[in-house]
Amino acid sequence: MATHQQSLELYAASFNDKEFSSSNHISKALLTQSEWLAPMVTHAFGSSALYGSRNFPLSFVTEGMGSTKKISSTDLSYKIAVMGRPKKTSMIAQTSYTAADRPGRGHTKFKVIFADRWFHKSLSLYSPSRIECRVQNDPIAVAGGWEYDLMLMSPSAEAYIPFTDVTAGAIWGRGVAKVGKERSRGVESRSHTPFAIQNQLSVVRDTYKLAGNVKNKVMVLEIKVDGKTFKFWTQWEMYYRQLEFKEKCESDLWYSEYNKDENGVIHVDDEDSGEVVTSGAGMLAQIPNTDSYSILTTNKIENLVTDIFFNASDADIVNVDVYTGTGGMREADRAMKLSSAGFIALGDKMISGEGRNLQYGAYFNTYRHPDGHTVNFKKLPLMDKGVMADISTRHPIDNLPLESYNMYCVDMSTYDGQRNVQYVSESGREEINKVVPGMSPLPDGYNDTLYASTDIDAASVEWMKTQGIQLMKPTNCFKLFCQFN
């Protein structure tokens, strides 16, 4: 469960109606202004010592900052149009040539079978060996692909295409369409259209049950904002339950699995209501780029960031955050120290103080990529103590959870005024908080009447919200898993 820090200025107090009214009670405020205050409370938990940004980074930078996409959908699903990178290449699907053949030699046509019909007549193509050819005909559908007639642009009768360039899997690229100097005809075009990413929201709930006289156990939370001090009070246990619920919600934003099959059918039902249970794709399910490591090096970091952002035209210089646990922070520090050891003296940087009062320790957490990108390694406690860490296998050297060594790179940039990471909820059901009264006294600030919903000596506070997380540019992120054979 999430824990608090002393810098939050939490302290115990005996409740009295002169000092604490219902208007400064968190639970009461949530009950009456849930849609407005729920994001504020996420921010409030992080107002001191960056508590929220460290423990609930996805909730904090989106919902907590008031940045929420609201949808109206009967089945809680939504779509986002994404424009991918322009397609410039096609792959050889199959070949009938042998290593002894000389395709194109003597200015002759030769046939190549590509996997798709992306290239068209008159287009210049470049083989993996950088040899230019021209498409002489419209492609013809054949078994296993599309057949093209090509001719070499080279003036030499001895020139030909090497066998490695026409083997299955070889990648060819397109150039411009070159035509005759007179009476040429128009050429075909290929369109780039957005593709749709589909996701859906999850409906999550939690319940806080009160029994006996727990309502009189009071705590005070002081929040300093813009030079002012705001005081909220609530029950000890309810406060921790709120933090626990936020931790569960944060974990779900990272790890949730999309549960519609290829036919759009959900096979999980709620046995109480008979309704389907929707589960949206969390952060990790949306990131397509995956790699692994056992011992981290700066070369691994550099190559990964290069691969992800080299062809991203709208991400010339980006700041990316790599979320990881204690193990991953150690790996990043060790990799950068090892790489820099031959260039700078670390002794005077690692040791500070005077006389007998010396301090050892200085740690790297930022990597500056040669292309100008800044990679910030950020510790996510969820990866040390969350549910995935608890069920994770152990690192063979230091016995920490392997989840603590995994690294999730998230592009937190803003493109065209829009955050790459978007928090999504259903309009009207962003967050709902209700009380189910019983014979147990309700928390102060709630409407306690002569009516009870049950004769049991208990009452409950119900929390329910719709939530999802959406990456607008998922290809600008990657997952790096720590693995040992």
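The values are calculated or read from the model by the stated rules, or taken from the named source; none is laboratory data. Everything quoted here is computed from the prediction, not taken from an experiment. Neighbour counts are summed over all protein chains in view; Cβ atoms, including those assigned to glycine, are modelled from backbone coordinates with ideal geometry.
Just a yes or no: is a residue in region 122-135 modelled with pLDDT of 85 or more, out of contact with any strand residue (DSSP E or B) (no Cβ under 8 Å at 6 or more places or on another chain) and not aromatic (Phe, Trp, Tyr)?
Looking through region 122-135, at least one residue is modelled with pLDDT of 85 or more, out of contact with any strand residue (DSSP E or B) (no Cβ under 8 Å at 6 or more places or on another chain) and not aromatic (Phe, Trp, Tyr).
Tell me, yes or no, whether region 140-149 has at least one residue that is surrounded by 14 or more Cβ atoms within 10 Å (Cβ to Cβ) and assigned to a loop (DSSP other than H, G, I, E, B).
For region 140-149, residues surrounded by 14 or more Cβ atoms within 10 Å (Cβ to Cβ) and assigned to a loop (DSSP other than H, G, I, E, B): absent.
Looking only at residues that are at pLDDT 90 or above and outside any loop (DSSP other than H, G, I, E, B) in region 83-97, which one is farthest from His120 (Cα to Cα)?
Filtering region 83-97 for residues that are at pLDDT 90 or above and outside any loop (DSSP other than H, G, I, E, B), the one farthest from His120 (Cα to Cα) comes out as Gln94.
Return yes when Ile266 is surrounded by 14 or more Cβ atoms within 10 Å (Cβ to Cβ), modelled with pLDDT of 85 or more and over 21 Å from Ala332 (Cα atoms) and no when it is not.
yes
Could you tell me which of the residues Val204, Val220, Val187 is modelled with pLDDT under 85 and part of a loop (DSSP other than H, G, I, E, B)?
Val187
Kindly indicate the residue of region 150-183 that is assigned to a loop (DSSP other than H, G, I, E, B) and touching a residue at least 60 places away in the same chain (Cβ under 8 Å) and also surrounded by the most Cβ atoms within 10 Å (Cβ to Cβ) among those meeting that condition.
Restricting to residues being assigned to a loop (DSSP other than H, G, I, E, B) and touching a residue at least 60 places away in the same chain (Cβ under 8 Å), the top hit is Ala170.
Just the residues that are at pLDDT 90 or above and of a type in the set (Asp, Glu), please, taken from region 136-172.
Hits for region 136-172 are Glu147, Asp149, Glu158, Asp165.
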